[in-house]
Every structure is written in C-alpha cells, then in structure tokens.
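The structure under discussion appears below in the form of structure tokens.
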Amino acid sequence: MNNSIYTIVSNEKIAKDVFKMILEGDTSSIKTSGQFINIKLDGFFLRRPISICDYDDKTITIIYKVVGQGTDVLSTMKQGEKLDVLAGLGNGYDTSKSGSSPLLIGGGVGVPPLYNLCKRLIKEGKKVSVILGFNTADEVFFENEFKALGADVYVTTADGSHGIKGFVTNAFDKVDYTYFFTCGPMPMFKAIDAAAKTSGQFSFEERMGCGFGACMGCTHKTKEGNKRVCKEGPVFVKEEIIW
C-alpha cells in the first residue's frame, strides 16, 4: 500500500452514469488484478474505494458509477486536477487456479477489475470467455475492449435490449470453462454460486471505513471466521464463503 498524490489524465463518460478515469502516479504497490484504490475527496469524511480496471508503470485506470454525492463530485473533476489516493489495497485474483479455459463474469460496475485479469490470463496462454451483465443497453461498457484482448464475449441485459435477455447465468450454457472469476452484486453472486459447475473466486463489493483493515467495518462471514473485505479480500474462494 502507498499513499500519494495522483494527477487526472482523463475523466470521460462511457455509459449511463458510468465514467472512466485515468490517473498518473506511483503504481509500484499494485501487484495483481483485483486490487483497489481508496480516493480522498474534499468535504467527505470517508474515502471512496474503487477497483482497479487496468494499470501500467505510470497510470491507473478506474471505472466508476455515479451513485451518490462522492462519485458525483468525482465525475466533475478535470484533466490536471490532483487526487489523494491509497493504492495497492486488498488481495486480488489468483490466476494459478484458472485451468486452461477460465470464465470471467462481471455485473455492472463489477466488470472493471476483470479487464486487467483478462489481459493477464490471455498472456498466460489461457482461452478466456467473458460474460458481462447489465440491466439495459445504455449501461453496457467494455464489450469491445474485452473482444479486442481476444476473449469470447457474451453480454446479457435484464430487459433484453442488448445481447442475451436475462442475467449472467443465462449465458452459462454458451461456455465450457475450467474455473471462474467474478465481481458484482450479491444477488448475482448467489446465483452464480448455485449455477456454477466449477470452483471460482468472488471479488466482493463492500462499503468500507478505512480500506486497509483497521476499522473492521467490512467483514464477511467465511468458514474460517470473519474476514475483512479490504484486507483478506476483496477476493474470496467459492468454498470458503458463507452466504
């Protein structure tokens, strides 16, 4: 983990209420796909935890949805403005368990951390399939970006306005997979847990106080006791989770 000042390179709207921001700064503490950053915003007591979509040796890309006052302020920020950021938080995905044909499943703003994971798995020589779930067509993002990486991509929308009508599990019969990785809302997780034919890893979305394990405000029950989403997580293995 490191705490430093980052410069906004760009901040653009890419779907309904969804923005993509690129930050320039120290990325040395980011070690794997699925970690997150915690952003301090003037006038707000708590930082905003946001998953890392992608990163390189100079920049971090995040994708966030405007759901409250904090993210609304973030959406108005311009190129060149500065942000106080805690980076390299949490434990990410373990790709060593993926097998030859991993499946990535993202729901809404759970999609972003799967992008760097997809890049990593393809670089490892894996055949990657991706299912992206949204409510409506105007919320869809990164379909083409995943395709450009070389993944087989399936999009579901609850209202049927784009891709397959229904939820992410409605696309399971399209894919043969050896393992799965997912990020999204809890109802989606429970549906995946019931439908999946293999083991997998879930990256939890959770409200956080500190973001680095001190406040115990983001604990989740597991078979090994309570674990902190920000510290021991956000990624947990299917078999350890108590729903």
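Could you please find all residues in segment 16-29 being over 21 Å from ASP94 (Cβ atoms) and crowded, with 17+ Cβ neighbours inside 10 Å?
Those that are over 21 Å from ASP94 (Cβ atoms) and crowded, with 17+ Cβ neighbours inside 10 Å: VAL18, PHE19, LYS20, MET21, ILE22, LEU23, GLY25, ASP26.
Quick one: which of LYS119, LYS174 is more than 26 Å from PRO49 (Cβ to Cβ) and among the basic types (Lys, Arg)?
LYS174
Evaluate the following for GLY99: is it at negative phi and in the same structural domain as THR178 (by TED's automatic domain parsing)?
Judged against the criteria, GLY99 is not a match.
Suppose the filter is of a type outside the set (A, V, I, L, M, F, W, C), within 16 Å of LEU89 (Cα to Cα) and either outside any loop (DSSP other than H, G, I, E, B) or assigned by TED's automatic domain parsing to the domain that holds PRO234 (or both); does THR32 pass it?
When the stated conditions are applied, THR32 does not pass them.
Do the conditions hold for GLY70, that is, is it free of Cβ contacts under 8 Å to residues at least 40 places away in the same chain and assigned to a helix (DSSP H, G or I)?
Considered against the rule, which asks whether it is free of Cβ contacts under 8 Å to residues at least 40 places away in the same chain and assigned to a helix (DSSP H, G or I), GLY70 comes out as yes.
If GLU12 satisfies every condition in (1) surrounded by fewer than 15 Cβ atoms within 10 Å (Cβ to Cβ); (2) in contact (Cβ under 8 Å) with a residue 12 or more places away in the chain; (3) in contact with a strand residue (DSSP E or B) (Cβ under 8 Å, 6 or more places away or on another chain) but one, which is the exception?
With respect to (1) surrounded by fewer than 15 Cβ atoms within 10 Å (Cβ to Cβ); (2) in contact (Cβ under 8 Å) with a residue 12 or more places away in the chain; (3) in contact with a strand residue (DSSP E or B) (Cβ under 8 Å, 6 or more places away or on another chain), GLU12 is out only on (2).
Quick one: how many residues across segment 1-57 are modelled with pLDDT under 95 and among the aliphatic types (A, V, I, L, M)?
So the answer is 2.
List every residue pair whose Cβ atoms sit under 7 Å apart, with the two residues 6 or more apart in sequence or on different chains, where the first one lies in segment 168-179 and is within 18 Å of GLY99 (Cβ to Cβ) and the second, anywhere, is in a helix (DSSP H, G or I) and modelled with pLDDT of 95 or more.
Note: pairs meeting the criteria are PHE172/ALA195; TYR179/LYS97.
Applying the selection to segment 99-141, what residues are within 13 Å of the chain's Cα centre (by Cα), in a helix (DSSP H, G or I) and either touching a residue at least 60 places away in the same chain (Cβ under 8 Å) or surrounded by fewer than 17 Cβ atoms within 10 Å (Cβ to Cβ) (or both)?
Listed by number, the residues that qualify are GLY108, VAL109, GLY110, PRO113, LEU114, TYR115, ASN116, LEU117.
The values are calculated or read from the model by the stated rules, or taken from the named source; none is laboratory data. All values derive from a computational prediction rather than experimental measurement. With ideal geometry, Cβ positions are generated from the backbone for all residues, glycine too; neighbour counts draw on all protein chains shown.
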